[in-house]
Amino acid sequence: MKRTLSVAMTRAMRALLVIAPERHAFPIFERFDPDFWNMA
């Protein structure tokens, strides 16, 4: 899954919407810099 997400993120040109349930923690999202990502 990590590799698939990386490919999707690099191919997204203008916007990328990632939806994940709040009750499940995804370690990959912890590395996102909030200055560059809207993590609402």
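Readers should treat all values here as calculations from the given coordinates under stated rules, not as data from a laboratory. This one's a predicted model, so the numbers in the text were calculated from it and none came from an experiment. Every residue, glycine among them, receives a Cβ derived from its backbone with ideal geometry; neighbour counts consider all protein chains shown.
Looking across the stretch 8-30, the residues that are outside any loop (DSSP other than H, G, I, E, B) and either loosely packed, with under 10 Cβ neighbours inside 10 Å or touching an Asp or Glu at 6+ places or on another chain (Cβ under 7 Å) (or both) come down to Thr10, Arg11, Pro27, Glu30. Scanning the stretch 3-40 for residues that are without any contact (Cβ under 8 Å) to a residue 24 or more places away in the chain and either touching a helix residue (DSSP H, G or I) at 6+ places or on another chain (Cβ under 7 Å) or of a type in the set (Gly, Ala, Ser) (or both) yields Leu5, Ser6, Ala8, Ala12, Ala15, Leu16, Ala20, Ala25, Ala40.
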